[in-house]
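Q: Here you go, one structure.
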Amino acid sequence: MTCKEMILSEDFQDFLTYYVLPEGTLTDDLSGDAFCYVQVSGRLYSVYFNRENLPPLSFSGYQYRYVTELYGLADEFVWGTQGQQFDPQPLNASGITPLQGEPLFLTGRNVVIGFADTGIDYRSPVFRRQDGSSRILAIWDQTDQTGTPPEGFLYGSEYTREQIDEALSRADPLETVPVTDENGHGTRMASAAAGSAVNGGLDFLGAAPDADIVVVKLKQAKQYLRDFYLIPEGVPAYESNDIVLAVKYLDSFAVPFVRPVCICLGIGRSFGDHRENSALSRYLAEVGSDINRVVVVSGGNEGNTAHHYSGTISGQESEEIELRVGEGTRGFLMEIWGDLPSYFSVMVRSPGGEEIPVISSRLEREVEYSFIYGRARIRIDYQTNDLTTGSEVAVLRLQEPAAGVWTFRLVQEASGYGVFHMWLPIRQFVEGTVEFLRPNPDNTLTSPAYAQDVLSVSAYNSRNNSFYVNSGRGFALDGRIKPELSSPGVDISVAAGTLRGSAVVSTASGTSLAAAIAAGGCAQLLQWCVQDGNEPDINGTRLINLLVRGAARDASQSYPNRTFGFGRLDMEGVFDWIAGIVRG
């Protein structure tokens, strides 16, 4: 069995982890049909094991860090009326459009903006030059196994600019390059970040209209993982393994001192330690700190979902947390994280008053209970010493819950002062309504927005400078300032198809579009630094610092704060700061 077949097979379980192994530990002849691996970076491996040789999937059985993560789209799925006129206001508010003209002419020239998402409608005029040729350097379609994978990768099909141009010259381009974007999310992001100046920018304009574009169409997560996380049918969900390989591919287009790369991700998950010790976050930090790279990540749209609760318990006392579950909810997962040195026991009471006994975290194993009244089943999986943080983590998996108010009582087993956080999945990963009755909207950025050396972006309404109510909020639980900036993310003009050869313009909202606009601004700055020779050795950390220094701030607010971070994206402000111009 080939490694490609293992990567795609439901019979193989996926792992993404950092290893320190003696040379020669992993060899092709050793693996056989039992497992295979792909080296992502020096110590990061994507590994695929035959499930016949493994115990059932659980967090305590494998350790939390080794269970593959699933990510969803940071999109609101709320569209404006299609066929609208293009509105440049969000780009103007970000100080982007003034820099596109004299004297700097910053349009992202010779800069690559890369996306790992749902694909792209490469036929759209907003991704083509005036002569009709494509601005897309390459597409790696992980879902298409009919073509040739990129060099160094084992699955999917790669299509180059030459192939795309050939396809565009044909009556049916999809016969030559069969890449589509059924969801439209990737197309919306790419158009906001790097859409061409159609009709001189009157009909459409992206933040970096001359940037080169590279796209990875992510394959959907394996069904065994969707079942494990109780993902509703038809909802896009992506594995961390495929995402890191996509980032590796996008990063390969960087040529130091010649062609910088901005990687833009509009995906997220609400689970994890919210400090960012996951393998994906660590890899993004590795890429973002490298020369001529920057990684931009959306902050998610979980701020108004009532999916986060936090509390403190003094001594060996307890606290009750109420959770409303709506009709038709198939099931969901919930994570409880306790900060060192605290650890907690959990009691659960159904809406009908039936209780399961207090379950001690010292069990360090998975326990399951079925309720007598109704069909609800709950599985509680404890790990008192997470390998990356040392914190306690409990994962509750509730299936077929009765509608009504569920009560969870946390009892602190240690003495002293105990801090805990509870998170539900991102909105689209729950079928039905599930929400805390007393939620906390803070600490609701989605992973990997907490990663080091990565630009994390929340969203605001650029027409009145108000914070976007659904946007995730900071900070990181270790005190780091996340998000760094807020960018326009409400009613953004995006490409929404093609009609008689012309782009159809619509509006959409969400932090993925805020990240896209910020990525376009980063491409402008990368052009000035690298292509124009003003700071050719810049890396992501330095670039983020420049963006922070130039951010727009209101006198009525104190900064940094949990919503806007250090302020609003302002590319004009960045260059004013560089030039030493003091604004009044």
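Q: Add -39500 (n - 2.57) for each DSSP H run of 4 or more in the chain, then divide by its residues: what number comes out at 222 nm, to the nearest 500 deg cm²/dmol?
A: Numbers: 13 runs with 104 residues, N = 584.
After summing the helix terms and dividing by residue count, I get -5000 deg cm²/dmol.
Q: Rank the residues LEU16, LEU477 as a footprinting-exposure proxy: fewest other Cβ atoms within 10 Å of their Cβ go first.
A: On the way: LEU16 26, LEU477 20.
With the sparsest Cβ surroundings first, the list reads LEU477, LEU16.
Q: Could you give the nm distance between label points at ARG549 and TYR417, where each point is 7 Å from its Cα heading toward the beta carbon?
A: 3.7 nm
Q: While we're looking at this one, here's another question. Across the Cα atoms of the range 478-525, what radius of gyration and what greatest pairwise Cα-Cα distance (Dmax) are found, in Å?
A: Cα only, the range 478-525: 14.4, 52 Å (Rg, Dmax).
Q: Only Cα pairs under 8 Å and at least 6 apart count here; give the relative contact order of the chain as a rounded whole percent.
A: Values: 1538 pairs, mean separation 115.1, N = 584.
It comes to 20 percent, rounded to a whole number.
Q: Can you tell me the FRET efficiency between ARG438 and TYR369 if r is taken as the Cβ-Cβ distance and R0 is 22 Å, rounded to the nearest 0.05? Walk me through the intermediate numbers first.
A: On the way: r = 25 Å, r/R0 = 1.14.
Rounded to the nearest 0.05, the efficiency is 0.30.
Q: What's the FRET efficiency of THR146 with ARG330 using the Cβ-Cβ distance as r and R₀ = 45 Å, to the nearest 0.05? Can you show the working numbers first?
A: Values: r = 34 Å, r/R0 = 0.77.
Calculated value: 0.85.
Q: Mind sorting LEU280, LEU230 by how few other Cβ atoms lie within 10 Å of their own Cβ, fewest first? Present the calculation step by step, with values, prior to reporting the outcome.
A: Working: LEU280 25, LEU230 18.
Lowest to highest Cβ neighbour count: LEU230, LEU280.
Q: If you don't mind, another one. How fast does the range 34-119 diffuse by Stokes-Einstein, in µm²/s, taking the Kirkwood radius from C-alpha pairs at 37 °C and 0.692 mPa s? Walk me through the numbers before you get to the answer.
A: On the way: Rh = 19.0 Å.
Calculated translational D: 172 µm²/s.
Q: Counting other Cβ atoms within 10 Å of each Cβ, which GluC sites (Glu not before Pro) in the range 300-377 have at most 15 and sit in a DSSP loop? Could the numbers behind the result be given before it?
A: Details: sites: GLU302, GLU317, GLU319, GLU320, GLU322, GLU327, GLU335, GLU354, GLU355, GLU364, GLU366, GLU368; in loops: GLU302, GLU317, GLU327, GLU354, GLU364.
Those that pass, being in a loop and sparsely packed, are GLU317, GLU327, GLU354, GLU364.
Q: Still on this structure: With viscosity set to 0.890 mPa s at 25 °C, what whole-number translational diffusion coefficient in µm²/s follows for the range 308-436 from Stokes-Einstein and a Kirkwood radius over Cα pairs?
A: Values: Rh = 14.8 Å.
Taking Rh from Cα pairs, D becomes 166 µm²/s.
Q: Mind ordering 6-13, 145-152 by average Cβ neighbours within 10 Å, highest first? Could the numbers behind the result be given before it?
A: Working: 6-13: 19.0, 145-152: 13.0.
Packing order, densest peptide first, comes out as 6-13, 145-152.
Q: Have a look at the chain and give its Rg and Dmax from the Cα atoms, expressed in angstrom.
A: 23.8, 73
Q: For helix 279-288, report the angle its Cα long axis makes with the longest principal axis of the Cα atoms of the chain; keep it between 0 and 90° and round to the nearest 10°.
A: 30 degrees
Q: Listed highest first by mean packing, meaning other Cβ atoms within 10 Å per residue, what order do 492-503, 281-292 come in?
A: Values: 492-503: 18.6, 281-292: 21.3.
Listed from highest to lowest mean packing, they are 281-292, 492-503.
Q: Here's another thing I want to ask about it. Per q in 0.18, 0.20 1/Å, what log10 I(q)/I(0) does a Debye calculation on the alpha-carbon atoms of the range 418-549 return?
A: Normalising to I(0) and taking log10 leaves -1.12, -1.23.
Q: Continuing with the same structure: Please list the three semi-axes, largest first and in whole Å, of the ellipsoid equivalent to the range 103-191, using sqrt of 5 times the eigenvalues of its alpha carbon gyration tensor.
A: Values: eigenvalues 96, 50, 36 Å².
Semi-axes from the Cα gyration tensor: 22, 16, 13 Å.
Q: If you find the alpha carbon centre of the range 83-97 and of the range 329-357, how far apart are they in angstrom?
A: 46 Å
Q: Arranged by the count of other C-beta atoms within 10 angstrom, fewest first, what order do PHE257, PHE371 take? List each step's numbers first, then the result.
A: Values: PHE257 12, PHE371 18.
The order, fewest Cβ neighbours first, is PHE257, PHE371.
Q: Given the pairs LYS248/LYS482; LYS222/LYS248; LYS4/LYS219; LYS217/LYS248, which span a C-alpha to C-alpha distance of over 18 angstrom in this model? Mind dumping the intermediate values first?
A: Working: LYS248/LYS482 24 Å; LYS222/LYS248 21 Å; LYS4/LYS219 13 Å; LYS217/LYS248 14 Å.
Going by Cα-Cα distance, LYS248/LYS482; LYS222/LYS248 fall outside the 18 Å limit.
Q: Quick one: of the DSSP bridges fully inside the chain, what percent are antiparallel, nearest 5? Before the final figure, lay out the partial values.
A: Working: 87 of 115 bridges.
Roughly 75 percent of the beta bridges in the chain run antiparallel, per DSSP.
Q: Taking each pair of different alpha-carbon atoms in the range 164-286 once, compute 1/r for the pair, average those values, and report the inverse of that mean as the Kirkwood hydrodynamic radius in Å to one decimal.
A: Details: mean 1/r = 0.0581 Å⁻¹.
Kirkwood radius, the range 164-286: 17.2 Å.
Q: Which whole-Hz couplings ³J(HN,Hα) result when phi for each residue of the range 366-375 is put into the Karplus expression 6.51 cos²θ - 1.76 cosθ + 1.60, θ = phi - 60°, listed in order with x for Gly and Pro?
A: So the Karplus estimates, Gly and Pro as x, are 8, 10, 9, 10, 10, 7, 5, 8, x, 10 Hz.
Q: Return a whole-number percent for the relative contact order of the range 462-576, with Cα pairs under 8 Å and 6 or more residues apart as the contact set. Numbers along the way, then the final one.
A: Values: 153 pairs, mean separation 34.7, N = 115.
Reported as a whole number, the value is 30 percent.
Q: Near the amide H of VAL504, under 5 Å away, which other amide H atoms are found, from residues 5 or more places off or on another chain, if H is placed in the peptide plane?
A: Hits under the 5 Å cutoff: ALA496, GLY497, THR498, LEU499.
Q: Moving on to the next point. Please work out the Cα center distance from the range 199-242 to the range 113-177, rounded to the nearest Å.
A: Spelled out, the Cα-based centre of one part sits 14 Å from the other.
Q: Also: Could you list which residues have their amide H under 5 Å from that of ILE267, counting only those 5 or more apart in sequence or on another chain, with H placed in the peptide plane?
A: The answer is ALA74, SER298.
A short reminder: the numbers here are calculations on the coordinates, not readings from a lab. Because the structure is predicted, anything quoted here is derived from the model rather than measured. Note that each Cβ is placed from the backbone with ideal geometry, even for glycine, and that neighbours are counted across all protein chains shown.
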